[in-house]
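The values are calculated or read from the model by the stated rules, or taken from the named source; none is laboratory data. None of these values were measured; they are calculated from a predicted model. For neighbour counting, all protein chains shown are included, and Cβ atoms are generated from backbone atoms with ideal geometry for every residue, glycine included. We work out accessible area using only protein heavy atoms, side chains counted, and drop any ligands, DNA or RNA first. Shrake-Rupley method; radii C 1.70, N 1.55, O 1.52, S 1.80 Å.
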Amino acid sequence: MAQLANLKFSLDDYELRDGIYFPSDYKDLNSTQHKKTWDKIGKTYYGSQKIEAVADESPIKQDYTLLTGTPGGTWNKFPLNKSVDSVLEIGCGYGRAPLHLSKAKNLRCEKYYGIDISETLLRRLIKVKQEYNFFPEAEFNIICNSAETLPLADNSIDLVISNCVFMHIPDAQLRNLLADISRVLKPGGIFVFNHSFHNKSCPSHIIHNFVRKLNPFVRNPVYLKQYSAAEIEEMLASAGMKTKCPEYIVEPTEEYAILPETIKGIRVPFAKAINQSLRPPASLKATLAYGFSAYSTKLD
């Protein structure tokens, strides 16, 4: 792995250990239930632990898609052969999105910053980097912390990416995060938030919310919060994104759902097949879409 930079102007309160930057209050962060949950999830997150124990001749070592699959959605629209100075990834996990962008889209960068609350997933990201060498020329800065406040300088990032992360963040914290993303994004910079917001009009979410509200003692307010396209536009505008990146779009995802596929951990019969069979007309796509993405329209 490329040597991690010691960014004293922005990471001076962090300790660099084993290739990961940890905040000075990491002991307090480590005691939170949110971090414990994501460290536990990270142990087997989407089967990514397979990379830690495969033989050198394993096909997974030769073909990253056998580990990660092929990310779709907005990533399909990302241009080929783009080069930027700096990339920031919010909720980087084990590196699925940047690995795909580097290998399939030939995205190049000089500096990569990845922030995630799960130390488990960040250690796996280091392993994935070693095995597949994505962004081969980049300086890597991997940060273990909640993403609400970013330890980066104003106007320092060319490209901000995130994949399926914001729906796990409470509303007030998400608004703070979007404002901080706006702060660190360079004027004229770009962003891709793929499948990042749950859709409040989606029937699956409405049903799931009703069931969740039946038991007030195990209610998770994060998963009771979804957004309309107009509300996402308002959040981005309030965060100052239009001043940094005036040309962007909020659009429904191409995954649709009328039934939850699980309720309280119990699989709903035929729900997955029914949802995957949905081919709504244009007039219903924004209603039935599972979520929304937001991204710069001028990715080139």
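I need the calculated FRET efficiency for the pair THR287 and GLU251, taking r as the beta carbon distance and R₀ as 22 Å, to the nearest 0.05.
0.95
Could you name the lysines whose alpha carbon sits less than 30 Å from that of LYS242, not counting residues in the same chain fewer than 8 places away?
Partners found: LYS8, LYS77, LYS82, LYS105, LYS111, LYS186, LYS200, LYS225, LYS285, LYS298.
Would you mind working out the accessible area per residue for the chain, using a 1.4 Å probe, and quoting it in Å²?
Accessible area per residue, the chain: 48 Å².
Can you order the peptides 190-196, 25-31, 175-181 by their average number of other Cβ atoms within 10 Å per residue, highest first?
Going by the mean number of other Cβ atoms within 10 Å, highest first, we get 190-196, 175-181, 25-31.
For region 188-256, what relative contact order do you get, as a whole percent, if you take Cα pairs closer than 8 Å and at least 6 residues apart?
Here the relative contact order equals 41 percent.
Compute the length gained on full extension between LEU278 and ALA179: take 0.36 nm times their separation in residues and subtract their Cα-Cα distance, giving the result in nm to one decimal.
32.1 nm
Once the Cα atoms of region 119-267 are picked out, what are the Rg and Dmax in Å?
17.6, 52
Over region 7-127, what is the relative contact order in whole percent, taking alpha-carbon pairs under 8 Å and six or more residues apart?
So the answer I get is 26 percent.
Enumerate the aspartates and glutamates that LYS61 could reach by cross-link, defined here as Cα to Cα under 16 Å, with residues fewer than 8 away along the same chain left out.
GLU52, GLU131
Which of LEU66, VAL84, LEU177 sits closest to the plus end of the dipole of the chain, meaning its Cα is farthest towards the positive end, when Lys and Arg get +1 and Asp and Glu get -1 on the C-beta?
With unit charges placed on the Cβ atoms, the residue in question is LEU66.
Could you give the radius of gyration (one decimal) and Dmax (whole number) of the Cα atoms in region 123-209, in Å?
15.8, 47
What's the local net charge at PRO260, with K and R +1, D and E -1, over the other residues with C-beta under 12 Å away?
Around PRO260, the charge tally is +3.
Below 17 Å, Cα to Cα, which lysines can LYS35 reach? Residues fewer than 8 away in the same chain don't count.
Partners found: LYS27, LYS43.
State log₁₀ I(q)/I(0) for region 55-193 at q = 0.19 Å⁻¹ as given by the Debye formula over alpha-carbon point scatterers of equal weight, solvent excluded.
-1.17
What is the ratio of the Cα radius of gyration of the chain to 2.2 N^0.38 Å, with N the residue count, to two decimals?
1.00
So how far apart, in nm, are the two label points at LEU80 and LYS127 if each is 7 Å from Cα heading toward Cβ?
Placing both labels 7 Å beyond Cα along the Cβ direction yields 3.3 nm.
In 10 Å bins starting at 0, how do the alpha-carbon pair distances of region 181-300 split up by percent?
13, 37, 29, 17, 4
For LYS36, LYS186, LYS298, LYS244, give the ranking by accessible area with the largest first, probe 1.4 Å.
If we order LYS36, LYS186, LYS298, LYS244 from most to least accessible, we get LYS298, LYS36, LYS186, LYS244.
Through the Karplus equation 6.51 cos²θ - 1.76 cosθ + 1.60, θ set to phi - 60°, convert the phi angles of region 21-38 into ³J(HN,Hα) values in whole Hz; use x for Gly and Pro.
These are the phi-based 3J(HN,Hα) values: 7, 10, x, 5, 9, 4, 4, 5, 4, 5, 8, 6, 5, 4, 5, 4, 4, 6 Hz.
Would you mind telling me the share, in percent, of accessible area of the chain contributed by carbon and sulfur at probe 1.4 angstrom?
C and S atoms contribute 53 percent here.
About its Cα centre, what dipole magnitude does the chain give when the only charges are +1 on Lys and Arg Cβ and -1 on Asp and Glu Cβ, stated in debye to the nearest 20?
Result for the chain is approximately 980 debye, rounded to the nearest 20.
Provide the convex hull volume over Cα atoms per residue for region 221-290, in Å³.
107
Between ASN220 and ALA153, how many nm apart are label points set 7 Å from Cα along the C-beta direction?
Going by the 7 Å Cα→Cβ label model, 3.8 nm.
Quick one: Kirkwood hydrodynamic radius for region 2-99, alpha-carbon pairs, angstrom, one decimal?
Evaluated on region 2-99, it is 16.7 Å.
Using Cα-Cα distances under 8 Å and only pairs 6 or more residues apart, what relative contact order does region 76-233 have, in percent?
Taking the mean separation of contacting Cα pairs over the length of region 76-233, I get 21 percent.
With charges set only on the Cβ (+1 for Lys and Arg, -1 for Asp and Glu), what does the dipole of region 211-300 come to about its Cα centre, in debye to the nearest 20?
Here the size comes out at about 520 debye.
LYS242 to GLU110: FRET efficiency via 1/(1 + (r/R0)^6), r the Cβ-Cβ distance, R0 25 Å, to the nearest 0.05?
Efficiency at R0 = 25 Å is approximately 0.40.
Sequence-distant or interchain residues sharing an amide H contact under 5 Å with ILE161, placed H: which?
Close amide H contacts, sequence-distant or interchain: LEU88, GLU89, ILE90, VAL192.
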